[in-house]
Amino acid sequence: MTEYLKIWRPDHWLKNIFIVFGHAVALVLVLGLEKLSPELIGKAAFSLVPACFIASANYIINEILDAPFDAMHPTKKLRGIPAGKVKVPILWAHFVLLIVAGFALSFAFFNHGYTLALGLLLFSGFVYNIPPVRLKDRAYQDVIAESFNNPIRLWLGWFALVTPAAVGSDALFASLLDIPLSIILAWWAFGALLMTGKRYSEFRFIDDATLSGNYRKSFRTYTQRRLIMAMITYACFFCFCTGVAMTSRPELNNLIFVFPMIVVALYSYFNHAMSEVGARLEPEQLLQNKWIIICTLITAGLALWLLTTDVQLIDKAHFLGK
């Protein structure tokens, strides 16, 4: 049973912590931080559970369809299917069970906006993994598709706490419009940066153009130079959209002062990803670097303080030269 649970990848559930960003956006822009209560915290925490189930369903279909390619990878060939440790029909049963459990919890405890976002998370996994679309085999489109899970997790966090005014597409769309587009794009660009860094690390980890191309078709197009240029592009776009969000909403103006720490965090990520140590790491290990973790925690703590202070630290009119 342990081998089957490994394919659920519970160690990857940490990615769903990005849903908390959606909670934060909902609290700051709509509910108000004064509405924070133990009950709301409990609901926010529980909203991660259905998402983890659907994420695991996506991981299962990923492993089933990727098994022939994983067999060519230096370490992934030891996974359950290529190594013959699990039976595929049983994995399909797990796949169905996880989907049923995820949506049952969603229908029971959350609104239709959350359920729709959960459906998008599942659909994203299908588009990414299943032929003939299978975007993971298409250079650049693979990153765009995989990083779209970041806005989806933003919406999951948002709708976990914000209920649309009425049932129907109009009310749902109106609720989504409360989230500035700059925040959605910034969160997508951040995910694209991480996903490109993951491919850069994996490309260097395999260190064999023929083998990497056979393992993943997109690697026949990628080069280290192209991946580095893509990382720089996504990092710049993330900074631009973040700056727009910080200056366009009064509630977020103070966050301008957290920007230097964001730059330090990005520097730490680039420095680690491009180091010799980073080249020897598998992609999932990249973000476990202590300096990246420390920078992220400091950035989050500073942002929380700046959001909760009653003092407007910047005179926007003076700042804009008015």
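Pick from S124, S56, S106: which is in a helix (DSSP H, G or I) and in contact with a Lys or Arg (Cβ under 7 Å, 6 or more places away or on another chain)?
Selected residue: S56, the only one of S124, S56, S106 that is in a helix (DSSP H, G or I) and in contact with a Lys or Arg (Cβ under 7 Å, 6 or more places away or on another chain).
Only one residue in P74, P38 is outside the structural domain of T309 (by TED's automatic domain parsing) and at pLDDT 85 or above. Which one? Let's see the steps before the verdict.
On the way: P74 fails: at pLDDT 85 or above.
Step by step, each of P74, P38 is checked, and only P38 is outside the structural domain of T309 (by TED's automatic domain parsing) and at pLDDT 85 or above.
Would you please name the residue that is surrounded by the most Cβ atoms within 10 Å (Cβ to Cβ), looking only at residues in region 8-63 that are under 15 Å from the mean Cα position of the chain (by Cα), over 30 Å from T247 (Cβ atoms) and aliphatic (A, V, I, L, M)?
Out of the qualifying residues, it is A51.
Scan region 249-269 and report the pairs whose first residue is crowded, with 17+ Cβ neighbours inside 10 Å and whose second residue is among the basic types (K, R), with Cβ atoms within less than 9 Å and a gap of 6+ or a chain change.
N253/K316
Output the residues belonging to region 121-132 that are closer than 20 Å to N150 by Cβ and surrounded by fewer than 18 Cβ atoms within 10 Å (Cβ to Cβ).
Residues satisfying the conditions are F123, F126, V127.
Is it true that some residue in region 79-89 is crowded, with 18+ Cβ neighbours inside 10 Å, in the same structural domain as F173 (by TED's automatic domain parsing), touching a residue at least 60 places away in the same chain (Cβ under 8 Å) and in a helix (DSSP H, G or I)?
no
The values are calculated or read from the model by the stated rules, or taken from the named source; none is laboratory data. Here the structure is a predicted model, which is why all the values come from computation and not from measurement. Cβ: placed from backbone, ideal geometry, glycine included. Neighbour counts: every protein chain shown.
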